[in-house]
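What follows is one structure encoded as structure tokens, with my remarks underneath.
Throughout, read-outs are computed from the coordinates displayed, never taken from laboratory work. Keep in mind the model is a prediction, meaning the values are calculated, not measured. FYI the Cβ positions are ideal-geometry reconstructions off the backbone, even for glycines, and counts take in every protein chain you see.
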Amino acid sequence: MKIIIVKDQQQGGEKALEVFKQALDQGAEVFGLATGSTPLTTYTELVNSDLDFSQKISLNLDEYVGLKADDPQSYHAYMQQHLFKFKQFKQSYLPQGDAADAQAEIQRYNELLTKFPIDLQLLGIGKNGHIGFNEPGSSFTEQTRKVKLTPSTVAANARFFDSAADVPQYAYSMGIGSIMRAKKILLEAFGSAKATAAAAMIEGPVTPDCPASVLQQHPDVTVILDQAAAAKL
Ligand code: GLP
């Protein structure tokens, strides 16, 4: 793992932009994208850059089960608001939260991931070490699936909803197996709330108890941490 420690999230976004630029220079065609507060500065940097994604494909990690694409709390809406509205991609895919048939939706997404192998996957990390919505205990080999969110993840994400009761309990998420197939991975973590998870990911044992620890086994991972998130290394 290559660890880059920056002053704050703003500087983290600037470093992340360099990683995207380098991936494009090396011919990357498919980008795996993430949501949450962590990648916000990265998306601002991408939007303000002259990087051209108009012939590139993107695939997002996850989406809440039950939310329509136009629901303001959906990850579709998040991506629209923070990136796609400003930066054109050739085609962008997310799991469809309101799909009538969960199995068919999972199969559709897995087929997309096979058709478009990810060159650069952007990740955040949950306070409990989850990546995507792969909570502690998740298998390291699974592909896209429907997952039940842990109470701590529901609580952490409640800030984006009117109340905790409104947070969906299930999500579609790329599995850890899907994430590990990406050619290159860029994980960002900012703030002291991520310090324990970051230390477990980088220095702890490789165990499903900390899903992100699997990244120690990936050949090309860059981790960008601010000083607060790096405090327990
Ligand atoms: C959510 C998302 C993850 C994200 C994590 C951290 O559960 N599914 O992809 O990395 O939360 O979110 P934040 O960046 O807001 O701290």
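Annotations for the structure displayed:
- Think of it as helices only: each DSSP H run of n ≥ 4 in the chain is worth -39500 (n - 2.57), and spread over all residues that comes to -8000 deg cm²/dmol at 222 nm.
- If you take the Cα centroid of the stretch 176-233 and the Cα centroid of the stretch 1-45, the two points sit 14 Å apart.
- Extended-chain gain in nm, criterion 0.36 nm per residue less alpha-carbon gap, ALA165 and ASP50: 37.3 nm
- Two tests apply to each whole DSSP H helix in the chain, Cα reach of 27 Å or more along its axis and mean Kyte-Doolittle hydropathy of at least 0.5, and none passes both.
- Order of MET180, MET1 under a 10 Å beta carbon neighbour criterion, fewest first: MET1, MET180
- In the stretch 1-75, GluC sites (Glu not before Pro) in a DSSP loop with at most 16 other beta-carbon atoms within 10 Å: GLU29
- Full-extension gain in nm, ALA77 to SER192, via 0.36 nm per residue minus C-alpha separation: 38.6 nm
- As a length-normalised measure over Cα pairs under 8 Å and 6 or more apart, the relative contact order of the stretch 2-226 settles at 25 percent.
- Between THR114 and PHE86, the contour length at 0.36 nm per residue exceeds the Cα-Cα span by 7.3 nm.
- For the chain, the calculated P(r), taken from all Cα-Cα distances in 10 Å bins from zero up to the bin holding the longest distance, is 8, 35, 40, 16, 0 percent.
- Other residues with beta-carbon under 15 Å from the beta-carbon of VAL147 carry, at +1 per Lys or Arg and -1 per Asp or Glu, a net charge of -2.
- Shape of the stretch 129-218, Cα gyration tensor, a/c cut at 1.5: oblate
- Net charge of neighbours whose Cβ lies under 15 Å from the Cβ of SER173, counting Lys and Arg as +1 and Asp and Glu as -1: 0
- Near ILE57: Cβ cut-off under 10 Å, other residues only, Lys/Arg at +1 and Asp/Glu at -1. The net charge is +1.
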